[in-house]
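Below is one structure, written out as structure tokens; comments come after it.
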């Protein structure tokens, strides 16, 4: 399928998706905001700090002009960090309202407003809900550019829109499923990063695979409970954007969120860890939003609580794990 | 809680559980069938081939006399491989019928009969269903003996019986949840090994974390479908015996099932792999039982199908993965 597509944000995922869509026959424009990254891309067509051993195909246009980038596309793809999305949207809100298909790739919940990304897009641009699709799932950019088999889910309240994105992105090694539960897909993809930080903490403390299995399972249970309270479907959390992305993130050497947790478990301070990183670990901000959402909905989220206390209240990581294991014995499933 | 407990089978998990229960105050007898393993245990109280750097506490009685071992216990724990359970049960069936609590640890489905372990126990001994508890979850013996935090689920149709096992096994680092879905817990714990073999195959082929995430998610979806058809509850598959054990197995250096898959992915023959292993990879036999169960129930299990063909019909591993990725695009959730 050939479309005029603009991708906003030339991070690792933005670059990988640019190549994917260009190879699928699309006319791709890639916009980058940070001046030094833009100039580096223009000169070398690569950014080794973000995606090593990768060169953008020559057919992809690179620009730093936001208004021009969104003047005429049929599809706009948002590949900017969650907490920056609103500021990217505001100056081009009117133009975006006329773009038939808006695809969100960010996995986060806006701090303060506690809004999902498709809600932020709809609020700022006035776009109808049936224009917006969120693509999510276990998809490290580092592997997608190597054509390793990858599966994701395209979620929208509009089935034709989800189908369009499914057909646009699918190729032999990149398989896209459809879902109508955009609430669930966005929450699962975001909240799973809190659990990834928790498993990283346990790894950093020297705990093993059993502990990781426990944290993933109980973490999945609590983010599913929170999702249900917010209108998501439980089977979405058992799917690619939930379990799939969670296990990939928790086991992966590529995950920034797991890395942050691991460093915390080894005794480093959050500030120092974040300063040393070239890319954003979405889970840190999501831990704040998730904690507040759970308070608002009166949902019990013991792992999120402990991650929040370790990240933002200087609680000892070992004490946090010990507190989790010492909870009252009970049934596996409860509300 | 202090009980007279007999554990049948001194494999790695049998040994780890012996220590767990002895430390909890139980009077523990451990029975082993293989003469050389029995003599080694008696002489050295250890078996480095099965559990390195581990010595059984002196308080544990070691025996090779099956009838004597089950003459007077309050609890009997079965830690023998699934396909051997029936032959261990038959000679002591009458005695077992009078033991109040029978705890199964094996994760498999009997070839031929396609019965779960608690069904085999009930059939052979005539024990009532409320005597039988299955304990399952992400619990590599190698980590439990190091007191790494571990969680499992004790499943029984009898809540008092599940509660007894919960209290018997729980300590500060070993946390036991209860479930009344023994069908689901047994099926999840068994069928997940088929998915573990599949992810091992992908690892052996050099595929990445995205592929593993996809196989785990879609594998979980298909074994959940099969479980539902057999009377299990779906939330059990999202729990410790399903997701939890699955992700631990798929990511772990300790997993024999993942190892078998990895060796297959690297081009070795199944016969050669199994001959070289000192312990049993339950998933190989479970792949046969799972494949037949799905045929019988008319449930679509694409990953199990491919694992079966690779293991038993010499299908190329690469072709199997390619066939999985090339399926028709569809919605994420379907029946």
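The values are calculated or read from the model by the stated rules, or taken from the named source; none is laboratory data. Since the model is a prediction, treat every value here as computed from it, not as a measurement. Positions of Cβ are backbone-derived with ideal geometry, glycine not excepted, and every protein chain shown enters the neighbour counts.
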Query raised in the report: How many of the residues in region A:154-189 are more than 9 Å from every other protein chain (Cβ to nearest Cβ), assigned to a loop (DSSP other than H, G, I, E, B) and more than 18 Å from the chain's Cα centre (by Cα)?
Result: 2
Requested in this report: Filter the strands (runs of 3 or more DSSP E) completely within region A:1-116 down to those with at least 1 residues that are within 21 Å of the chain's Cα centre (by Cα).
Outcome: A:4-8, A:27-31, A:75-78, A:101-104
Query - Top-ranked residue of region A:119-130 - restricted to ones that are in a helix (DSSP H, G or I) and surrounded by fewer than 24 Cβ atoms within 10 Å (Cβ to Cβ), ranked as nearest to the other protein chains (Cβ to nearest Cβ) - result: A:130
Report task. Give region B:128-138 a look and list any residue that's over 15 Å from the mean Cα position of the chain (by Cα) and at pLDDT 95 or above, or say none. Result -> B:131, B:132
Report task. Taking residue B:162 as meeting all but one of (1) touching a strand residue (DSSP E or B) at 6+ places or on another chain (Cβ under 6 Å); (2) within 27 Å of residue B:277 (Cβ to Cβ), write down the number of the exception. Result -> (2)
Query raised in the report: Do the conditions hold for residue B:104, that is, is it under 25 Å from residue B:291 (Cα atoms), buried (at least 17 other Cβ atoms within 10 Å of the Cβ) and at pLDDT 95 or above?
Result: yes
Query - Count - residues of region A:241-290 that are exposed (fewer than 15 other Cβ atoms within 10 Å of the Cβ) and either assigned to a helix (DSSP H, G or I) or within 14 Å of chain B (Cβ to nearest Cβ) (or both) - result: 6
Report summary line: Within region B:139-153, the residues that are assigned to a helix (DSSP H, G or I) and either more than 9 Å from every other protein chain (Cβ to nearest Cβ) or under 13 Å from the mean Cα position of the chain (by Cα) (or both) are B:141
Query raised in the report: Quick one: in region A:291-315, which of the residues that are surrounded by fewer than 21 Cβ atoms within 10 Å (Cβ to Cβ), at pLDDT 95 or above and in a loop (DSSP other than H, G, I, E, B) is farthest from the chain's Cα centre (by Cα)?
Result: A:315
Query raised in the report: If we keep just the residues of region B:218-240 that are free of Cβ contacts under 8 Å to residues at least 60 places away in the same chain and in a loop (DSSP other than H, G, I, E, B), which is farthest from the other protein chains (Cβ to nearest Cβ)?
Result: B:231
Query raised in the report: Name the residues in region A:268-291 that are farther than 14 Å from residue A:190 by Cα and touching a residue at least 12 places away in the same chain (Cβ under 8 Å), would you?
Result: A:270, A:273, A:274, A:277, A:278, A:279
Report task. For residue B:215, indicate whether it is under 17 Å from the mean Cα position of the chain (by Cα), closer than 22 Å to residue B:317 by Cα, part of a helix (DSSP H, G or I) and within 11 Å of chain A (Cβ to nearest Cβ). Result -> no
**Report entry** Check on residue B:200, over 15 Å from the mean Cα position of the chain (by Cα), assigned to a helix (DSSP H, G or I), on the phi < 0 side of the Ramachandran plot and away from chain A (no Cβ under 12 Å)
**Finding:** yes
